[in-house]
Amino acid sequence: MKVLLINGSPHKNGCTTTALAEIEKTLKEEKILCDTHFVGTDPISCCRGCAACGRLGRCVIDDEVNGFLEYAAYFDGYIIAAPVHCGSASGNIVPFLDRVFYVNYMSGRKIFEHKPGAAVTSARRAGTTTTLDQLNKYFMLAQMPIISGRYWNIVHGMSAEQAKLDLEGMQNMRILARNMAWTLKCIEAGEKAGIKPPKTEELIHTNFIRLNS
């Protein structure tokens, strides 16, 4: 079993990375393999809303999003981590996730469906819970079970060193990792017992404007 850690921070050695490192260490103790995708600082184009991905099976913008989708398909669980910038998720992670999950949704590729996901965020002070809400909505779009810790999945600090001093936050990263490992093992046991994923109905699109017939 493998979990993909998606790092949405522009800093490779900051608070977000510190939180993910604690998660990765604990997952490895639980015999879960990990890999990290660093979104980076290069500009990522926003979704154009063209819906061409429903026909093409990929984003019409030919950048790292398409490559990521191919790579992400080989994982069993996902943890998305991002710092708080101006009360919401960091700049690059939002257009990246918008397009990743929209392509998955529109194309019917079902890369993420029924696989567990967790959101993690870091901040100096505030904005963490709104950012968690923002990130969790991507999981809801893909019918993904959302994994929690024993509290909100957050750490506080202005640097990696300060984040390590958030003992409650770091403990919660370990609890989150064990909950992720347990969920993956339960899914694996269920599959071996012949339990299949829920039946998926054909998508119904209902607009909020009803025209007279």
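The residue that is least open to solvent (accessible area, probe 1.4 Å), among those in the stretch 21-59 that are assigned to a loop (DSSP other than H, G, I, E, B) and among the polar types (S, T, N, Q), is Ser45.
For the stretch 81-92, the criterion of being part of a helix (DSSP H, G or I), more than 30 Å from Glu188 (Cβ to Cβ) and not aliphatic (A, V, I, L, M) is satisfied by no residue at all. Specify the residue that is nearest to Leu184 (Cα to Cα); the eligible residues are those in the stretch 60-74 that are open to solvent by less than 40 Å² (accessible area, probe 1.4 Å) and out of contact with any Phe, Trp or Tyr (no Cβ under 9 Å at 6 or more places or on another chain). Here the residue is Leu69. When restricted to residues that are free of Cβ contacts under 8 Å to residues at least 24 places away in the same chain, closer than 21 Å to Ile146 by Cβ and of a type outside the set (A, V, I, L, M, F, W, C), the stretch 172-195 contains 3. Is it fair to say Pro43 is farther than 19 Å from Met173 by Cα and in contact with a Cys (Cβ under 9 Å, 6 or more places away or on another chain)? No. In the condition set (1) more than 14 Å from Cys47 (Cβ to Cβ); (2) touching a Phe, Trp or Tyr at 6+ places or on another chain (Cβ under 6 Å), Phe101 is compliant with all but (1).
A search for C-beta distances below 7 Å between a residue of the stretch 24-36 that is among the polar types (S, T, N, Q) and any residue that is open to solvent by 100 Å² or more (accessible area, probe 1.4 Å) and modelled with pLDDT of 95 or more, counting only pairs 6+ apart in sequence or on different chains, returns Thr26/Arg178.
The values are calculated or read from the model by the stated rules, or taken from the named source; none is laboratory data. This is a predicted model, so every value here is computed, not measured. Using ideal geometry, Cβ is built from the backbone for each residue, glycine included, and neighbour counts are taken over all protein chains shown. Accessible surface is based on the protein model in full, side chains and every heavy atom, while ligands, DNA and RNA are left aside. Shrake-Rupley method; radii C 1.70, N 1.55, O 1.52, S 1.80 Å.
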